[in-house]
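The values are calculated or read from the model by the stated rules, or taken from the named source; none is laboratory data. Small disclaimer: the values here were computed from a predicted structure and weren't measured. When we count neighbours, we look across all protein chains shown, and the Cβ atoms used for this are built from the backbone with ideal geometry, even at glycine. Surface areas here come from the heavy atoms of the whole protein model, side chains and all, with no ligands, DNA or RNA. Shrake-Rupley method; radii C 1.70, N 1.55, O 1.52, S 1.80 Å.
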Amino acid sequence: MTRIAARLAVVAFLVSAAARAQQPTDPINIGIRMIEALAKTAAAAGPSGPEPTPTPLPAREPKPLEVQPDASSVDAIVTALYAAVSHGPDSEPNWKRLRALFLPDAIVVPPKRPDADELAVLDAAAFEARIRKYIEGRKERHERLGFTEREIARRENRYGPVCQVFSTYETVWSPHETPPFARGVHTIQLVSDGRRWWIASLVWDVERPAQPIPPELLPR
Amino acid sequence: MNKPAVLAAAVAFCAAPLAAQYQPANPPPNPGGLTPIGGQKIHDPNAEVEAQRMPTPGGPQDRRPQAPSKDAARQSSTHAPDNDGASVDSILAALYASVSHDEASSPNWERMRGIFLQVGMLIPPKNPRSELFTVLDVDGFEQRVKESIAASKAKGDPTSFFEKEIARRTDCFGNVCQVFSTYESRRAPSDEKPFVRGINSIQLVNDGHRWWVASVAWDQERPDNPIPAQYLPNSVPSEYLKKN
């Protein structure tokens, strides 16, 4: 009797979980798979088999993903880069998220300033300091704050764990604004360690009247 | 040319060298992943479009005033040819030439230092046993190659190394370029078959005066990591197939 009751409980649980099972990422699915396996074992063992364990819920929480979703693919890391630097007038870039995208030895090479003699080559920390300084400067001058950068076109070359992305962007003060106040192209060198992608190097240039973005680097 | 014909040609091209290449059980490690072009014409549809559209910044057409720079000073103190940074072509030629060497010599480190940003990076394929990437500057790369050459000498293995570019994809805008450069490595330039092939991802930046290598990351060909047809010579890039 107890065995039959246990099996009935399992079946009832499966039915009630059917709706949640439509969500492939729902942790309930792991539980369902465990229970299905148990039910099969119990059915195969028959009346003389071992007492099945009535386990209506997963015993443990599923392990958290080792790799943050931001770094799980080329698409994800490029999307995360733009999302992390973008911010509203009262906030700042998401520094923690931004830093997590870069290899510890990564380099960042912004366009050379017209008054500079040489290129500035930054690491991720200096890149962060540069953005902070830029925001502070605008605040002090009572200029408009907020910064949204989005990718509008992309070229990509990938071979195994090495990928280079030519990513055309536009920059607006707030997300729903047009036209952009700046555009340019990032070249993003990415490497994968087999588990996640990393930004190895980020170099870019901005559009200027004498240097328009060519049609092949713009959306069709 | 129709699509099946292109694919068939690509497959045929791919299959032959692959079969030959993996006869040795343990192909020697590839210390450089870089090679001389040897004056051959590289097919690069993107670069051809680019060349028609705009002059190469920092190239012969560049008329911007020259300003003194620390990097320029560093450059002039070496024996590297002054024009290595003049164009995308010349800096890639210098990259491949500087890493190549015969049994009696070693890579031309002065020349290589002369084309890399001071903090420029080289990222070799990750060792499957290690957790993290090895990220090297030219000094670190020199050390690594010297150790590799010493180890080969101790075992009586060949140490000569000649690498050449066989195909290239280039994207450029203003002062930045990214190049996907397919290479072959040989022990002697006259060897029929390379002992290894791979692709270098090369980021270039122009400081208004000349081009510099910011970063080189590469991977080499393995049976489970064949070079895709579009990165081999005479391939038609997929975006062109779609357009035409």
**OP:** Mind listing just one residue for me: the one in the stretch A:48-96 that is of a type in the set (Asp, Glu) and more than 16 Å from A:Arg132 (Cα to Cα) and, of those, modelled with the highest pLDDT?
**Re:** A:Asp75
Original post:
Among the listed residues A:Val185, A:Val203, A:Val165, which satisfies the condition of being more than 16 Å from A:Phe127 (Cβ to Cβ), touching a His at 6+ places or on another chain (Cβ under 8 Å), open to solvent by less than 60 Å² (accessible area, probe 1.4 Å) and within 9 Å of another protein chain (Cβ to nearest Cβ)?
Top reply: A:Val165
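Working carefully through the options A:Ile131, A:Ile152, A:Ile135, find the one that is more than 27 Å from A:Leu218 (Cβ to Cβ) and either crowded, with 18+ Cβ neighbours inside 10 Å or among the β-branched types (Val, Ile, Thr) (or both).
Residue meeting the stated conditions: A:Ile135.
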Original post:
(1) within 17 Å of the chain's Cα centre (by Cα); (2) free of Cβ contacts under 8 Å to residues at least 60 places away in the same chain: which one isn't true of B:Thr170, the others all being true?
Top reply: (2)
**OP:** Quick one: A:Trp173 ticks every box in (1) within 20 Å of A:Val206 (Cα to Cα); (2) within 14 Å of another protein chain (Cβ to nearest Cβ); (3) of a type outside the set (Ser, Thr, Tyr) except a single one, so which number is it?
**Re:** (2)
**OP:** Name the residue, out of B:Arg129, B:Arg169, B:Arg144, that is open to solvent by 30 Å² or more (accessible area, probe 1.4 Å) and either part of a strand (DSSP E or B) or under 17 Å from B:Val216 (Cα atoms) (or both).
**Re:** B:Arg144
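Out of B:Glu163, B:Glu221, report the one residue that is farther than 30 Å from A:Leu218 by Cβ, within 18 Å of the chain's Cα centre (by Cα), more than 10 Å from chain A (Cβ to nearest Cβ) and in contact (Cβ under 8 Å) with a residue 60 or more places away in the chain.
B:Glu163
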**OP:** Identify all residues within the stretch A:188-211 that are under 16 Å from B:Thr170 (Cα atoms) and under 18 Å from the mean Cα position of the chain (by Cα); write none if there are none.
**Re:** A:Ile188, A:Gln189
**OP:** Could you check how many residues of the stretch A:91-112 are surrounded by fewer than 18 Cβ atoms within 10 Å (Cβ to Cβ) and not in a loop (DSSP other than H, G, I, E, B)?
**Re:** 5
